[in-house]
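S.K.: Pasting a structure here, questions to come.
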Amino acid sequence: MQRVIEAAVQGCLSKMAVAVPGHQDDQVVYHLRAGEHRVALNERIGELISLRWTGAIACTHCGRATKKSFAQGHCYPCFKRLAQCDTCIMKPETCHFFQGTCREPEWGERHCFQPHTVYLANSSGLKVGITRKTQMPTRWLDQGAIQALPILEVDTRQQSGFVEMLFKEQVSDRTNWRAMLKGDIDVMDLSAERDRLLSLLSDGLSQLRDTHGVDAIRTLGQPAHHFHYPVSVFPQKVASHNFDKQPLVEGVLQGVKGQYLILDSGVINLRKFTGYEVQVS
């Protein structure tokens, strides 16, 4: 028998909260966030869930109403003004801080001039990625990775971009989200892939160390992480919901992976709709 959420809640969506339990074999724990409300999702697998967009969108930074969301939840003025929305966030190697043109130098100093990790992950196959050291393992869970392995640590975000560019000569930096959601992903020996790539790219890494300092790019010897997601049924064919086209999204919750709800009626990326005000019931 399907159990409904005890009381409908309403609020603006933000990225689902994720947590890894203490035991490696346990499932990742998810909570949907709508304004100040938190809806536990793991215990609702197999139940009917309904999300209705009210038509309102609020900027996640300044709170003002906006007709369209930019960069996952920002109004257009914030999108154009904030450093966190600049193109160098997606392409760290293009950082222009030292040219004196950073949109928010103080923000850049806090977020970009701190240790970053270059990692390998297995979300839909082998990929390379970067993240602030403090964002592990959240970054991997948001990508739906079943495995992840930190391989290098650098001093700044820009340096992580230079290293990632080097690795992209050999391995993708993208996740095939449809393949990730289908769940048919082979487990990989990430340690062996790390050793293979470090050997192939040793000359390039040496050049980067010559430029930035021998200790600026440090090899890590950490073990791989493994993650299990609360999914009872993986979709054979992935069809996605979109609030802009269909304000009401409902169906039986079959799983949660990455930032996606997997329903028997299709999947929806909640992070894409950050700032959208929804009624959850």
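Values in this text are rule-based calculations from the coordinates and carry no lab data. Computed from a prediction, not measured in an experiment: that's the story for all the values here. Glycine also receives a Cβ, built like all others from the backbone with ideal geometry; neighbour counts cover every protein chain displayed.
S.K.: Of Leu41, Tyr119, Gln279, whose Cα points farthest to the positive end of the dipole of the chain (charges on the beta-carbon: +1 Lys, Arg; -1 Asp, Glu; origin at the Cα centre)?
M.R.: Gln279
S.K.: Here's a follow-up. Can you give the relative contact order of the range 114-226 as a percent, counting alpha carbon pairs under 8 Å and 6+ residues apart?
M.R.: After rounding, I find 35 percent.
S.K.: For the chain, what does the helix formula give at 222 nm: sum of -39500 (n - 2.57) over DSSP H segments with n ≥ 4, over the residue count, nearest 500 deg cm²/dmol?
M.R.: Using -39500 (n - 2.57) per qualifying helix, the result is -5500 deg cm²/dmol.
S.K.: Using a basic spin-label model with each label point 7 Å from the Cα along Cα→Cβ, how many nm lie between Asp203 and Ser191?
M.R.: Label at Asp203, label at Ser191, 2.9 nm between them.
S.K.: So which chymotrypsin sites (Phe, Trp or Tyr not before Pro) in the range 54-120 are both in a DSSP loop and have at most 15 other Cβ atoms within 10 Å of their Cβ?
M.R.: On the way: sites: Phe70, Phe79, Phe97, Phe98, Trp107, Phe113, Tyr119; in loops: Phe113.
The qualifying sites are Phe113.
S.K.: Specify which residue in the list Ser172, Ser202, Gln135 is farthest towards the positive end of the charge dipole of the range 114-226, using unit charges on the beta carbon of Lys, Arg (+1) and Asp, Glu (-1), about the Cα centre.
M.R.: Farthest along the dipole direction, towards plus: Gln135.
S.K.: Please list the three semi-axes, largest first and in whole Å, of the ellipsoid equivalent to the range 159-281, using sqrt of 5 times the eigenvalues of its alpha carbon gyration tensor. List each step's numbers first, then the result.
M.R.: Values: eigenvalues 301, 63, 30 Å².
Calculated on Cα positions only, the semi-axes equal 39, 18, 12 Å.
S.K.: Summarise the long-distance tail of P(r) for the range 114-226 by giving the % of C-alpha pairs beyond 19 Å.
M.R.: Above the 19 Å cut-off, the range 114-226 has 41 percent of its Cα pairs.
S.K.: Could you list Val154, Val28 in order of exposure, starting from the residue whose Cβ has the fewest other Cβ atoms within 10 Å?
M.R.: Numbers: Val154 23, Val28 20.
Fewest-to-most ranking of Val154, Val28: Val28, Val154.
S.K.: Among the listed pairs Lys80/Lys237; Lys127/Lys245; Lys168/Lys272; Lys67/Lys257; Lys15/Lys168; Lys67/Lys237, which are separated by more than 30 Å between their Cα atoms? Spell out each step's value before the answer.
M.R.: On the way: Lys80/Lys237 37 Å; Lys127/Lys245 32 Å; Lys168/Lys272 25 Å; Lys67/Lys257 28 Å; Lys15/Lys168 27 Å; Lys67/Lys237 32 Å.
The answer is Lys80/Lys237; Lys127/Lys245; Lys67/Lys237.
S.K.: Also, quick follow-up: What does the charge count near Leu13 come to, summing +1 for each Lys or Arg and -1 for each Asp or Glu among other residues with Cβ under 14 Å from its Cβ?
M.R.: +3
S.K.: Treating the Cα atoms of the range 1-114 as identical point scatterers in vacuum, please give the log10 of the normalised Debye intensity I(q)/I(0) at q = 0.23, 0.24 Å⁻¹, two decimals.
M.R.: -1.20, -1.25
S.K.: Quote to one decimal, in nm, the extra length available between Gln222 and Gln246 on full extension: 0.36 nm per residue of separation minus the C-alpha distance between them.
M.R.: In short, 4.2 nm is gained.
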